[in-house]
Amino acid sequence: MSVPPDETLLPRLRAGDDDAFALVLDAWSAGMLRLARVYVSTPESAAEVVQETWLAVIAGLDGFAGRSSLRTWVYRILINTAKRRGGRESRTVPLSSLGPTVDPAAFAGPGEPFSGHWRELPAPWPTPEQHTLSAEVRDRIATALAGLPERQRAVLVLRDVQGHTSAEVCAILELSAANQRVLLHRARAAVRAELATYFAAAGEGRPR
């Protein structure tokens, strides 16, 4: 069952409608868990963040002013809760992906023919029909995600894993549209680079 619009859902939640709470819990908790994991060090800690968030939502419903969507408000509470817990865990974020997302030498420079284009096309990725996503590929993606700076990872999870629109991500993370685009580009490029390395190596190992 889909979540009803805020003007229908909010009065039900404020009235203590158990069915309405069950509906949003089922619809949003999985995505909240993935987003919480961006900020904390273990799945167990992320689950506790989600539980704390729902308790805060229940306590704060009467004070919700409606300046954003209800889901955006819930996600902001989640992020603040996760950041506080992450700070207590003294979680560090690797800085390895703060440099260029793709080696500039891979592209033709100014004055060269086809400036800005690939000097040599990267190894093609297999199509879904050619290559079933293996556990090793999923591990590569997880490694790439773990190495992203916090905000890049949050944007990528919200956009590409959970399917939020650009406007929703900007509202949830309080980003400008331009900043959201840059963070998403860098995150996607880092993941792509990790997978491109894997697929290129896999191609070299296949019989010709």
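The values are calculated or read from the model by the stated rules, or taken from the named source; none is laboratory data. All values reported here derive from a predicted model rather than from experimental measurement. With ideal geometry, Cβ positions are generated from the backbone for all residues, glycine too; neighbour counts draw on all protein chains shown. Remember, those area values only see protein heavy atoms, side chains included, never the ligands or the DNA or RNA. Shrake-Rupley method; radii C 1.70, N 1.55, O 1.52, S 1.80 Å.
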Inset, instruction - Would you be able to say whether some residue in region 43-64 is more than 20 Å from CYS170 (Cα to Cα) and at pLDDT below 90? - result: yes
Legend entry - Enumeration of residues in region 48-71 that are polar (S, T, N, Q) and within 14 Å of ALA36 (Cα to Cα): GLN51, THR53
Legend entry - Filter result for the condition that a residue is open to solvent by 40 Å² or more (accessible area, probe 1.4 Å), at pLDDT below 90, under 28 Å from SER41 (Cβ atoms) and within 16 Å of the chain's Cα centre (by Cα), over THR143, THR197: THR143
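Of everything in region 162-186 that's over 25 Å from ALA27 (Cβ atoms) and assigned to a helix (DSSP H, G or I), which residue is least open to solvent (accessible area, probe 1.4 Å)?
In this case the residue turns out to be LEU183.
Does SER2 meet the test of being in a loop (DSSP other than H, G, I, E, B) and either at pLDDT 95 or above or closer than 30 Å to HIS185 by Cα (or both)? Can you show your working first?
On the way: in a loop (DSSP other than H, G, I, E, B): yes; either at pLDDT 95 or above or closer than 30 Å to HIS185 by Cα (or both): no.
Against the criterion (in a loop (DSSP other than H, G, I, E, B) and either at pLDDT 95 or above or closer than 30 Å to HIS185 by Cα (or both)), SER2 does not qualify.
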Inset, instruction - Return yes or no: is GLY31 within 19 Å of ALA167 (Cβ to Cβ), in a helix (DSSP H, G or I) and touching a residue at least 12 places away in the same chain (Cβ under 8 Å)? - result: yes
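Of ARG192, ARG159, which residue is open to solvent by 30 Å² or more (accessible area, probe 1.4 Å), at pLDDT 90 or above, under 29 Å from ARG37 (Cβ atoms) and of a type outside the set (A, V, I, L, M, F, W, C)?
Working: ARG192 fails: at pLDDT 90 or above.
Going through ARG192, ARG159 in turn, just one is open to solvent by 30 Å² or more (accessible area, probe 1.4 Å), at pLDDT 90 or above, under 29 Å from ARG37 (Cβ atoms) and of a type outside the set (A, V, I, L, M, F, W, C): ARG159.
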Inset, instruction - Just one of (1) polar (S, T, N, Q); (2) touching a helix residue (DSSP H, G or I) at 6+ places or on another chain (Cβ under 7 Å); (3) modelled with pLDDT under 90; (4) surrounded by fewer than 16 Cβ atoms within 10 Å (Cβ to Cβ) trips up GLN130, so point out which. - result: (2)
